[in-house]
Amino acid sequence: ALGSSAQLSLTNGIVSPDGFSRSAVLAGGSFPGPLIQAQKGGEISINVVNQLVDESMPIDTSIHWHGIFQHETNWADGTAYITQCPIPANESLVYQFNPGNQTGTYWYHSHYSTQYCDGLRGPLVIYDPNDPLGSMYDVDDETTVITLADWYHDSSIELGEISTLVTPNSTVINGLGRYSGGPSSPLAVINVQQGKRYRFRIIGLSCASWFNFTIDGHEMTIIEVDGIESEPMVVDSLPVFPGQRYSVVVTANQTVGNYWIRASADLLNRTFEGGLNSAILRYEGADSGDPTTEEGPYDLEFNESLLVTLDGAAVPGTPEVGKADVNLNLIPGHIGELFNINNVSFVDPAVPILLQILSGATHASQLLPNGSVYELPPNKVIELSFPATDGLVNGAVGGPHPMHLHGHNFWVIRSAGNSSYNFDNPIMRDTVSLGTQGDNVTVRFVTDNPGPWFFHCHIDWHLHHGFAVVMAESPSDAATEQSQVVPQDWRSICPANLTGSG
Ligand code: C2O
């Protein structure tokens with residue numbers, strides 16, 4: 001693991017997470033990248049050094065710290081063409097930011113083209129020495145991280161050109177898995193001791209698949225959702241969409257032995273073969289063989305609409321649909337190979353949006369790309385609604401779509417699969433599934449963080465094909481604020497014609 005002040009070198013290397021060898025993009029030499037550990041309130045400073053050479057994959061880069069608000073450090077959000085120029089090969093950039101009060105489970109990944117599908121992704125945990133008092137957080141061990149990812153045997157450049165509907169070759173848990181027809185490659189093992197209580201941090205690092213996560217014979221108590229402490233909810237299965245995180249408490253209260261941990265991948269209604277998407281929960285004293293445990297039964301069903309933020313904060317603004325200060329309908333669509341939102345398919349601008357803002361463009365009408373930038377006023381309540389208009393949106397084409405907002409959490413006032421609204425105590429999170437046909441997911445957030453923030457489907461192939469918009473939050477405040485703080489390196493990685501430095 002890395003500390004909060006570290007160098008993260010990006011290199012190409014051959015890996016075989018599922019028994020198939022391929023060249024990949026590695027952070028810190030491994031797949032997934034090393035765990036970055038930080039403490040609440042502490043500064044994080046990561047020197048990203050781009051040593052990529054393999055041109056069969058994207059070679060420029062940009063690293064995003066998923067879920068971190070980047071309050072006053074929009075420039076460090078790491079989104080290529082939104083908040084920065086890509087970092088060219090042989091260059092580096094120090095990302096320096098303070099997550100303030102944020103704690104819990106996050107991750108980092110490339111936000112340049114589809115590069116994270118080639119491997120550039122890893123976990124980030126912010127520990128709180130004073131986790132909320134109360135029995136749920138009183139665990140014997142909170143260090144276990146379980147990453148769930150899809151894995152591909154071809155380079156993301158090839159896959160990204162083929163189509164928006166790309167099928168992974170395998171599921172890897174903590175970077176290990178097996179593909180259909182492949183060798184019996186080693187699986188990840190999570191070690192526990194009988195009688196102890198564990199906090200497992202589960203992270204969806206996926207490019208496309210979402211997972212139904214289960215542990216044979218064990219219940220899980222959800223205590224954290226995307227960095228937000230939640231009222232305990234006991235489940236025996238947990239849907240994890242790309243970008244989402246949960247902490248669960250698991251008590252090792254079964255007979256000493258081996259138990260399957262399963263992450264059944266679901267993608268466009270194509271389910272992978274069972275048994276390949278597995279890791280092993282191993283009690284101390286058990287043999288080192290594969291588990292023989294049976295799946296299910298599942299009767300403690302997950303229900304997103306019943307998740308409650310621990311501090312129970314009510315939703316800001318008038319508790320009625322469409323009665324926020326700003327109400328936006330964002331209607332997903334799909335034409336040919338391209339996705340769009342409100343009929344506009346996102347394309348990267350030549351000049352990163354923050355750079356445009358620093359150069360004096362402060363209105364949506366001036367900011368490129370045309371039609372993809374929504375200008376939002378400061379200190380207002382924004383409601384985003386995703387109405388299902390016909391069979392081709394929200395569900396049918398490649399859904400359910402996990403939508404992620406940078407720079408914020410939002411209150412999920414209507415979640416997928418639920419017909420009623422909750423203004424009293426809904427969960428806050430940063431990535432929400434739009435569900436399937438007939439759902440109308442609705443969220444609210446407050447514009448308390450000036451800057452251009454990307455808002456997109458976290459299925460990376462969909463983002464690559466235009467499923468994104470930019471929330472340009474108080475651009476003139478962002479210009480004033482960021483002009484004071486952008487480091488010299490942030491400018492100098494840009495082509496000279498963009499920055500006027502030469
Ligand atoms: Cu996790 Cu815009 O990303």
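The values are calculated or read from the model by the stated rules, or taken from the named source; none is laboratory data. All values reported here derive from a predicted model rather than from experimental measurement. Cβ placement follows ideal geometry from the backbone for every residue including glycine, while neighbour counts extend to all protein chains displayed.
Worth pointing out:
- Taken as a whole, region 112-119 holds no residue that is out of contact with any strand residue (DSSP E or B) (no Cβ under 9 Å at 6 or more places or on another chain) and either among the charged types (D, E, K, R) or without any contact (Cβ under 8 Å) to a residue 40 or more places away in the chain (or both).
- Residue list for region 73-97, filter: more than 16 Å from the ligand (Cβ to nearest atom), surrounded by fewer than 24 Cβ atoms within 10 Å (Cβ to Cβ) and part of a strand (DSSP E or B): SER92, VAL94, GLN96
- Residue count, region 329-356 (criterion: of a type in the set (Gly, Ala, Ser) and either touching a helix residue (DSSP H, G or I) at 6+ places or on another chain (Cβ under 8 Å) or under 24 Å from ASN74 (Cβ atoms) (or both)): 1
- On the stretch given as region 338-378, residues that are assigned to a helix (DSSP H, G or I) and over 24 Å from the mean Cα position of the chain (by Cα) total 4.
- Strands (runs of 3 or more DSSP E) enclosed by region 1-70 - at least 3 residues per element that are farther than 23 Å from LEU405 by Cα: 5-15, 22-27, 44-50
- Exclusive hit being touching an Asp or Glu at 6+ places or on another chain (Cβ under 7 Å) and at pLDDT 95 or above, set ALA350, ALA324, ALA314: ALA324
- GLN244 being of a type in the set (S, T, N, Q) and within 16 Å of the ligand (Cβ to nearest atom): yes
- Helices (runs of 4 or more DSSP H) fully within region 432-502 counting 1 or more residues that are within 16 Å of the ligand (Cβ to nearest atom) and crowded, with 18+ Cβ neighbours inside 10 Å: 460-464
- Qualifying positions in region 80-119 - among the hydrophobic types (A, V, I, L, M, F, W, C) and closer than 23 Å to SER492 by Cα: ALA80, ILE82, CYS85, ILE87, ALA89, LEU93, VAL94, PHE97
- Restricting attention to region 279-309, the residues that are part of a loop (DSSP other than H, G, I, E, B) and basic (Lys, Arg) add up to 0.
- When ILE36 is tested against (1) more than 26 Å from PRO369 (Cα to Cα); (2) more than 16 Å from the ligand (Cβ to nearest atom), just one condition goes unmet, and that condition is (2).
- Of note, TYR152 does not satisfy the criterion of being under 22 Å from PHE20 (Cβ atoms), outside the structural domain of VAL249 (by TED's automatic domain parsing), surrounded by 15 or more Cβ atoms within 10 Å (Cβ to Cβ) and touching a residue at least 40 places away in the same chain (Cβ under 8 Å).
- Under the condition of being more than 27 Å from GLU142 (Cα to Cα) and without any contact (Cβ under 8 Å) to a residue 40 or more places away in the chain, the residues counted in region 1-49 number 3.
- Residue that is nearest to the ligand (Cβ to nearest atom) [pool: residues in region 48-72 that are buried (at least 24 other Cβ atoms within 10 Å of the Cβ) and hydroxyl-bearing (Ser, Thr, Tyr)]: SER62
- Boolean, VAL249 is β-branched (Val, Ile, Thr) and in a strand (DSSP E or B): yes
- Residue match in region 184-197 (condition: more than 22 Å from ARG282 (Cβ to Cβ), buried (at least 17 other Cβ atoms within 10 Å of the Cβ) and not aliphatic (A, V, I, L, M)): no
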